[in-house]
Amino acid sequence: MFYLLQEGPAQTTSYFIAGYAVIFGVMALYLVSLIVRRRNLTQDLETLQELEKSQS
Amino acid sequence: MDKKPGLLTILDGVTILLLLVAIGMVFFFAPVEAVMGLVQKVFYFHVASAWVGMLGFLVAAVAGVVYLVKGDRKWDILGLAAVEIGLAFTFIATVTGSIWARPIWNTWWTWDPRLTTTTIMLLIYAAYLMLRSGMEDPDRRARFGAVYAIVGFLSVPLTFFSARLFRTIHPVVIGTNQPGAQGGFDMTGDMLLVFFFSLFTFTIIFVDLLWHRARLGALQDKVEQLKLKFNA
């Protein structure tokens, strides 16, 4: 009989939004960290290779 | 610098496409659960993230074994990549789980067996990264990483089976819920389709990220070798 009193699903939209914000946010942050690290390492490699060239 | 392989570019495209389709399915195709409302939809990517976390730790353990057998540092690079990605997705799973729990369990957190073992697993692999970063010798660091990843993997099946072996309020998707489980629901055909598609999509995301991260690791190794050469 209680189901007759139920007015539909619970209002949980804000939690849904928060959940997906976390999912996409963390994934995006990780991607950005990969890109930044690659860029920095590429610069380091170029510098070290130039140094190696100048020493040989 | 190594040119990005063509296959990886194709994989990037496929990954983005799959993710967009999965998002569309979750947002527009999957029905709204009758009791929990919209927050139930967090479940699709929550479970998929947890799956990727455990998959990452499994790959790291296997890479650890292969490194100890073969001694080739590319397996250490792969293991590190897998742990890093596994950790990121386990973090996503933990936080989204907490967000889901707030309206359903009326609490952000409880020291339930599933949540507790997941936290322990998270800390074990966070420690892996921290301890590695403190080691300068690449070979010693690789040996340590391999053994740690193998032993640390014991936490993964413990976490997975915790919701089935111990008294818990965490619902299980496949199998029978414990009597005290809260928030469990029977999945309709639509839900099952979205669920399995999400799992598949996140597996592809893992492979794509792993390849990218492993390439980054190889570049890092190259830079480190050059630095060591200058310091010698």
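Working from label points 7 Å from Cα in the Cα-to-Cβ sense, the residue B:231 to residue B:17 distance is 4.5 nm. Comparing the full protein assembly with the isolated chain, the residues of the stretch A:22-45 losing at least 30 square angstrom of accessible surface (1.4 Å probe) are A:22, A:23, A:24, A:26, A:27, A:30, A:34, A:37, A:38, A:41, A:42, A:45. For chain B, the Cα gyration tensor yields ellipsoid semi-axes of 36, 22, 13 Å (square root of five times each eigenvalue, largest first, whole Å).
Accessible surface buried by the B/A pair amounts to about 3300 Å², both sides summed, 1.4 Å probe.
Structure remark: mean-square fluctuation, Gaussian network model of chain B, C-alpha springs under 10 Å; the largest value among B:137, B:208, B:190 belongs to B:137.
If R0 is taken as 25 Å, the Cβ-Cβ distance between residue B:108 and residue A:11 corresponds to a FRET efficiency of 0.85.
With respect to chain B, whose longest principal axis is taken over its alpha-carbon atoms, helix B:6-24 is tilted by about 20°. Each helix, a run of at least 4 DSSP H residues, gives -39500 (n - 2.57); summed and divided by the residues of the protein assembly as shown, these come to -26500 deg cm²/dmol at 222 nm. Among the residues of B:77-88, the average count of other protein chain beta-carbon atoms within 10 Å of the residue beta-carbon is 1.
Between the residues B:116, B:94, B:226, the greatest Cα displacement towards the positive end of the dipole of the stretch B:88-232, with unit charges on the Cβ of Lys, Arg, Asp and Glu, is found for B:226. Computed with a 1.4 Å probe over protein heavy atoms only, the accessible surface of the stretch B:61-101 comes to 34 Å² per residue. When the scattering of chain A is computed by the Debye formula from its Cα atoms alone, each counted once and equally, what is log10 I(q)/I(0) at q = 0.26, 0.29, 0.30, 0.31 Å⁻¹? Each listed q maps to, in turn, -0.96, -1.03, -1.05, -1.07. For the stretch B:99-232, the calculated P(r), taken from all Cα-Cα distances in 5 Å bins from zero up to the bin holding the longest distance, is 2, 8, 11, 14, 17, 14, 11, 8, 6, 4, 2, 1, 0 percent.
Rank these residues by their accessible area, most exposed first, probe 1.4 Å: B:110, B:188, B:201.
My answer, sorted largest first, is B:188, B:110, B:201.
Set the bar at 20 Å for Cα to Cα. Now go through A:53/B:229; B:74/B:227; A:53/B:222; B:3/B:222; B:3/B:227 and name every pair that lies beyond it. Over 20 Å apart, Cα to Cα: B:3/B:227.
Apolar share of the accessible surface for the protein assembly as shown: 68 percent from carbon plus sulfur atoms, 1.4 Å probe. Applying 1/(1 + (r/R0)^6) with r as the Cβ-Cβ distance of residue B:192 and residue B:161 and R0 = 22 angstrom yields a FRET efficiency of 0.50. Could you please state, rounded to a whole Å, how far the C-alpha centre of the stretch B:82-119 is from the C-alpha centre of the stretch A:21-52? When both Cα centres are located, 28 Å separates them. Our note on the geometry: Cα centres of the stretch B:214-232 and the stretch B:3-59, 34 Å apart. With the whole protein complex present, residue A:52 retains an accessible surface near 60 Å², based on a 1.4 Å probe. For the pair residue A:29 and residue A:52, the difference between a 0.36 nm per residue extended length and the Cα-Cα distance amounts to 4.9 nm. Under 5 Å from the amide H of residue B:37 lie the amide H atoms of A:10, each residue being 5 or more positions distant or on a separate chain, with H modelled from the backbone and absent for Pro and chain starts. For the stretch B:5-81, the Kirkwood estimate of the hydrodynamic radius, built from every pair of different alpha carbons, is 15.3 Å.
For the residues B:51, B:211, B:105, a 1.4 Å probe over the protein chains yields an accessible-area ranking, largest first, of B:51, B:211, B:105.
Using only alpha carbons, the protein assembly as shown has a radius of gyration to Kirkwood radius ratio (Rg to Rh) of 1.04.
The values are calculated or read from the model by the stated rules, or taken from the named source; none is laboratory data. On a predicted model such as this, the values are computed, not experimentally measured, just so you know. Using ideal geometry, Cβ is built from the backbone for each residue, glycine included, and neighbour counts are taken over all protein chains shown. Side chains are part of the model used for accessible areas, which takes the heavy atoms of the whole protein and leaves out ligands, DNA and RNA. Shrake-Rupley method; radii C 1.70, N 1.55, O 1.52, S 1.80 Å.
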